[in-house]
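Written out below as structure tokens is the structure these notes cover.
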Amino acid sequence: MEKLRIGVIGTGAIGREHIKRLSERIVGCETVAVADVDRDAAERVASLCGAKCCESGEELILSPEVDAVLVASWDATHAKYVLAAVAEGKYVFCEKPLSPETKDCERILEAESALGKRIVQVGFMRRFDSGYRALKAAIKSGVIGNPLMIHACHRNMTHAATMTSEMSIKNAGIHEIDIMRWLLEEEYVQGQVLLPRQNGISRKENLQDPQIMLLRTESGVTIDVELNQSSGYGYDIQCEAVGEEGTVRLPDPATVVTRARGACSFEVRPGWETRFTEAYDIELQQWVDEVKADRITGPSAWDGTVACHTAVVLGECRESGEIRGISYPHCPDFYKNMF
């Protein structure tokens, strides 16, 4: 296969970013088809990248011109497109979340297991970030002793008009849910959500902001994550692991430090597009290379299911104010030992 022919479903912000990436930086592939519920938007993107504009995501998946599918549409539509791709035996990269609902994730697990090979990858790009990889290596090396706690925050400069309390966890916090599990290689057993004072600037109906997710793992590591959808100053991702013998911290993105006019300062990234550029590049290049080799090793449908189920339980915790136990659906043997 000279070039992997990719069809992209969803031409919103993340879809456009991925199409641009596939066209300009990822080698061995081309975007041959796009689809979006907004036909005009899809046609504009198609004209820019020289791709065919399909009437629907289903039509794109069925097209013989498409070898593999990238799903970047609205969260609630992810599962139906992933299932359609699996039914056709086509590799599919699905942006997070795999689905907002556990039952849909379980249907994907069942379909992929029946197929007998992994063809679904979930877009948890932080696993490909050099800082997180160094953080994980330090934890595994034992340099800080056994990990005891992790402190983290996920701050956006401002939020989309569609942001809700539920989305804050299921769409944004889903990254932290996945990456903490990956860093520690442990499952969660307990969750809680605390509600600090409401941010008056970001006040809107159906959005409690900020929120604090609290998670406890099998070995007793306690994790706290601040989800702040309107920090007012930038896109800021922080993570520190505290161990018995030391701490290790995620580095800030490399940038110059300026000393001038009586102050010392450095830039804070404005959004996810620039903060995780390299991670997205590595993630998609690996996916393209592995699909062409007929084998993928990135975040699995099981990883997507665990993250989804954890987010669902945390949402219940937020609404009830309770601390709740977390137990997961049965993990098929097909997905075991895949941390």
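Data overview
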read-out: Trypsin sites (Lys or Arg not before Pro) lying in DSSP loop within region 174-205, provided at most 16 other Cβ fall within 10 Å; value: Arg197, Arg203
read-out: Per-pair calculated FRET efficiency, R0 = 35 Å: Glu267 and Arg39 via Cβ, rounded to 0.05; value: 0.35
read-out: Value of [θ]222 nm, deg cm²/dmol, for the chain, DSSP H segments ≥ 4, -39500 (n - 2.57) each, nearest 500; value: -10500 deg cm²/dmol
read-out: Per principal axis, descending, Cα span of region 1-134 in whole Å; value: 39, 37, 30
read-out: Where labels lie 7 Å past Cα in the beta-carbon direction, separation of Thr158 and Glu30 in nm; value: 4.0
read-out: Projected label distance in nm at Ala76 and Ile212, using a 7 Å step from Cα toward the beta-carbon; value: 3.2
read-out: Listed residue (Phe266, Cys53, Ala254) projecting farthest to the positive dipole end of the chain, Cβ model; value: Phe266
read-out: Distance from region 251-314 to region 1-65 (C-alpha centre basis), Å; value: 22
read-out: Two-site FRET efficiency, Ala137 against Ala260, from Cβ-Cβ distance with R₀ of 51 Å, rounded to 0.05; value: 0.90
read-out: FRET efficiency for Thr222 and Lys336, using Cβ-Cβ distance with R0 set to 25 Å, rounded to 0.05; value: 0.45
read-out: 20 Å cut-off, amide nitrogen to a point 7 angstrom out along Gln198 Cα→Cβ, residues in region 163-186; value: 163-170
read-out: Theoretical gain in end-to-end length, Asp289 to Ser113 [0.36 nm per residue, Cα-Cα removed]; value: 61.1 nm
read-out: Karplus 3J(HN,Hα) series, Hz, for region 290-299 with 6.51 cos²θ - 1.76 cosθ + 1.60 (x for Gly, Pro); value: 6, 4, 5, 8, 6, 6, 10, 10, x, x
read-out: Over the chain, equivalent-ellipsoid semi-axes from the Cα gyration tensor in Å; value: 32, 24, 21
read-out: Linear extension gain, Val189 paired with Ser130, 0.36 nm per residue minus alpha-carbon span; value: 18.4 nm
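Since every read-out is calculated from the coordinates, none of them should be taken as a lab result. Since we're looking at a predicted model, the values are computed, not measured. When we count neighbours, we look across all protein chains shown, and the Cβ atoms used for this are built from the backbone with ideal geometry, even at glycine.
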